[in-house]
Protein chains: 4
Amino acid sequence: MTQASQTIPAGATEEAILAFGRQVLAAQPFSVLLGARLHALSSSGVVELRLPLTEKLLQQHGFAHGGVVSYMADNALTYAGGIVLGGMAVTSEFKINYLRPATGKCLIARAQPVHTGKSQAVCNCQVFDVQENGAEKLCAVAQGTIASLPSREKSPS
Amino acid sequence: MTQASQTIPAGATEEAILAFGRQVLAAQPFSVLLGARLHALSSSGVVELRLPLTEKLLQQHGFAHGGVVSYMADNALTYAGGIVLGGMAVTSEFKINYLRPATGKCLIARAQPVHTGKSQAVCNCQVFDVQENGAEKLCAVAQGTIASLPSREKSPS
Amino acid sequence: MTQASQTIPAGATEEAILAFGRQVLAAQPFSVLLGARLHALSSSGVVELRLPLTEKLLQQHGFAHGGVVSYMADNALTYAGGIVLGGMAVTSEFKINYLRPATGKCLIARAQPVHTGKSQAVCNCQVFDVQENGAEKLCAVAQGTIASLPSREKSPS
Amino acid sequence: MTQASQTIPAGATEEAILAFGRQVLAAQPFSVLLGARLHALSSSGVVELRLPLTEKLLQQHGFAHGGVVSYMADNALTYAGGIVLGGMAVTSEFKINYLRPATGKCLIARAQPVHTGKSQAVCNCQVFDVQENGAEKLCAVAQGTIASLPSREKSPS
């Protein structure tokens, strides 16, 4: 595993920020295992993460496993907060409400910062279940705190 | 995928309950993908879920991915609530606080009901990071609501 | 204490819904004690609750007490969910992130449903701190579950 | 309002810590308004807060208002984390699950730290409804993050 660059260069272009985000995702074995793709990431922390719903990501009823949906929320929240905090950040906590089972072909998690302080950002996230016809159904909402990482005290996502 | 039995037979023995729980886990492709094992499950909803921390479950710093830790909490909470609600249940919502990075050889999630109502149970969960020497370090705590499943309205875990 | 009407008449006008909401608030001794006022409430569950920040609502640093801010979130969430669930509803759970101290002259909580199911609604809420010059600063965000009340099982707000 | 001493003297006795805690409570106009009393507070962060359920603290069904229960959780969590963080701390966030309506004569909130880091502590809390006969019924559970206060960035409780 190649260690990803940890911080965002000052004055990075939007293209460089998305490339940085994708480099981080590619360096996460778990994200590679699931098949997540970073579709968008901006300097203001607006992020879109996508995940095709393959058989291996389901639970016993044929729906996306709750752990898959929470992975999407956790990771999107971390990106949203991490970007506005400068790159080195971890999820301190989050809360998720599941709204309906995800049975479509793909999950999309969209997250953005709600408030950015010196050392932490509070972000929220919507997870959508994309149907075969392309329609998006909201299937989960999440809210959480991302902390900048001065030390290795907290659990990174 | 063989469909797992959905309800717990009345008067099931503790052995039958654990066997039921393992049947459910084996029917979850995502849990099989990660390698989770159900170590204990009692009629009172006390559950212990274990997961060896293999390379594929890590993030870019070599720690367990946050999504792996939240999967453990989500799944253990669902078992704890599901058992006391009779078997057919889903996680409505949960909240998790990450306390430290998990860098050990195995994760253990222990959950139990805090309060059981007619149609939902509130449960809490502790996730431990098991060190090479067997010592357990608390790495996350979670609290959530499990709802019995009259219809397919909510997202199952 | 006059007992408030418990359900919203079918086909109630928007004016009747706001009047209903104000009747409920007037029947809550705690809301009267704090001085909360229902500024807006629509059939779609969009609610605005206001609270002048008088001396008695502060903590030891002169800011609005966290319990005051959480009261605003709890109550606004309950209105938002209660309206779309037909009137008899309670807050099952919520989560709040405090973003900055509230030091202004008034708090405004705005809440709305995110998803409405048969027996519960998931809502979110933003709490603003209104400055002397009328500017609004976001000081807390919350997300929670409101459940319809078939029995008296859960703790009403 | 007399400004309370903000930090706990090093080597303070358990008696001094409880006295410090009571001084802080007495300096919170909102806590005085509600009538909260600090029954116990230890150097390890174990706290017990009590509140007689007078008429003014109820909602329209005669139960303790949800905002009163969340006040108890918020304040107990802040004490638990504040003590182990040295005295100057605020609640960053918390989550609460209401389990049943509180209809008794008194609320008791018990909180304690689950994990203490350099700049924040994660704590949990149980709120009990004390019946006329003295029996305690668990009516809410909460979990939250308390942050030490280097600046005035966050909303104090």
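Could you please give the count of residues in the range A:26-42 that are within 14 Å of chain B (Cβ to nearest Cβ) and within 25 Å of residue A:10 (Cβ to Cβ)?
Number of matching residues: 4.
When residue C:119 is evaluated against the numbered criteria (1) at pLDDT 95 or above; (2) in contact with a strand residue (DSSP E or B) (Cβ under 6 Å, 6 or more places away or on another chain); (3) surrounded by fewer than 23 Cβ atoms within 10 Å (Cβ to Cβ), which criterion, by number, is the only one it fails?
Evaluating residue C:119 over (1) at pLDDT 95 or above; (2) in contact with a strand residue (DSSP E or B) (Cβ under 6 Å, 6 or more places away or on another chain); (3) surrounded by fewer than 23 Cβ atoms within 10 Å (Cβ to Cβ) leaves (1) as the failure.
Within the range A:58-79, restricting attention to residues that are polar (S, T, N, Q) and more than 8 Å from the chain's Cα centre (by Cα), which residue is nearest to residue A:45 (Cα to Cα)?
A:70
Check whether at least one residue in the range A:109-130 is in a loop (DSSP other than H, G, I, E, B), more than 20 Å from residue A:41 (Cβ to Cβ) and within 12 Å of chain B (Cβ to nearest Cβ), and report yes or no.
Within the range A:109-130 (the criterion being in a loop (DSSP other than H, G, I, E, B), more than 20 Å from residue A:41 (Cβ to Cβ) and within 12 Å of chain B (Cβ to nearest Cβ)), the answer is no, since none of the residues qualifies.
Condition check: within 11 Å of chain D (Cβ to nearest Cβ), more than 21 Å from residue B:91 (Cα to Cα) and not in a strand (DSSP E or B). Does residue C:102 satisfy that?
Yes; evaluated as a whole, the condition is true for this residue.
Just to be sure before I move on: is residue D:21 of a type in the set (Gly, Ala, Ser), within 14 Å of chain C (Cβ to nearest Cβ) and out of contact with any Lys or Arg (no Cβ under 7 Å at 6 or more places or on another chain) in the structure I sent?
So residue D:21 fits the description; yes.
Among all residue pairs at least 6 apart or on different chains, which show Cβ distances below 6 Å where the first residue, located in the range A:36-63, is within 22 Å of residue B:75 (Cβ to Cβ) and the second is part of a loop (DSSP other than H, G, I, E, B) and of a type in the set (S, T, N, Q)?
What qualifies is A:59/B:28; A:60/B:28; A:63/A:103.
Answer yes if at least one residue in the range A:1-15 is within 9 Å of another protein chain (Cβ to nearest Cβ), closer than 30 Å to residue B:25 by Cβ and either within 18 Å of the chain's Cα centre (by Cα) or at pLDDT below 95 (or both), and no otherwise.
Yes; the residues of the range A:1-15 include at least one that is within 9 Å of another protein chain (Cβ to nearest Cβ), closer than 30 Å to residue B:25 by Cβ and either within 18 Å of the chain's Cα centre (by Cα) or at pLDDT below 95 (or both).
Residue by residue through the range A:33-59, note down the ones that are out of contact with any Cys (no Cβ under 8 Å at 6 or more places or on another chain) and charged (D, E, K, R).
A:37, A:48, A:55, A:56
Checking residue D:96 against (1) surrounded by 20 or more Cβ atoms within 10 Å (Cβ to Cβ); (2) more than 7 Å from every other protein chain (Cβ to nearest Cβ); (3) modelled with pLDDT of 95 or more, only one condition comes out false. Which one?
(2)
Taking the range B:60-75, which residues are surrounded by 24 or more Cβ atoms within 10 Å (Cβ to Cβ), touching a helix residue (DSSP H, G or I) at 6+ places or on another chain (Cβ under 8 Å) and either among the charged types (D, E, K, R) or within 7 Å of chain A (Cβ to nearest Cβ) (or both)?
Hits for the range B:60-75 are B:65, B:66, B:67, B:68, B:70, B:71, B:74, B:75.
Here is a check on your reading of the model: is residue B:67 free of Cβ contacts under 8 Å to residues at least 60 places away in the same chain, outside any loop (DSSP other than H, G, I, E, B) and small (Gly, Ala, Ser)?
Spelling it out, residue B:67 is indeed free of Cβ contacts under 8 Å to residues at least 60 places away in the same chain, outside any loop (DSSP other than H, G, I, E, B) and small (Gly, Ala, Ser).
Do you know which residues across the range A:92-143 are touching a Ser or Thr at 6+ places or on another chain (Cβ under 6 Å) and under 20 Å from residue D:147 (Cβ atoms)?
Selection gives A:92, A:93, A:119, A:120, A:122.
Taking only the range B:36-59 into account, find how many residues are in a loop (DSSP other than H, G, I, E, B) and either in contact with a strand residue (DSSP E or B) (Cβ under 6 Å, 6 or more places away or on another chain) or buried (at least 23 other Cβ atoms within 10 Å of the Cβ) (or both).
5
(1) crowded, with 22+ Cβ neighbours inside 10 Å; (2) within 14 Å of the chain's Cα centre (by Cα): which one isn't true of residue C:26, the others all being true?
(1)
From the set of residues in the range A:133-157 that are modelled with pLDDT of 95 or more and more than 14 Å from chain B (Cβ to nearest Cβ), which is farthest from residue A:71 (Cα to Cα)?
So, considering only residues that are modelled with pLDDT of 95 or more and more than 14 Å from chain B (Cβ to nearest Cβ), the one farthest from residue A:71 (Cα to Cα) is A:133.
Between C:87, C:82, C:45, which is farther than 27 Å from residue D:31 by Cβ, within 12 Å of chain D (Cβ to nearest Cβ) and under 13 Å from the mean Cα position of the chain (by Cα)?
Testing whether each residue is farther than 27 Å from residue D:31 by Cβ, within 12 Å of chain D (Cβ to nearest Cβ) and under 13 Å from the mean Cα position of the chain (by Cα) leaves just C:82.
The values are calculated or read from the model by the stated rules, or taken from the named source; none is laboratory data. A quick note: this is a predicted structure, and the numbers were derived from the prediction, not measured. Every residue, glycine among them, receives a Cβ derived from its backbone with ideal geometry; neighbour counts consider all protein chains shown.
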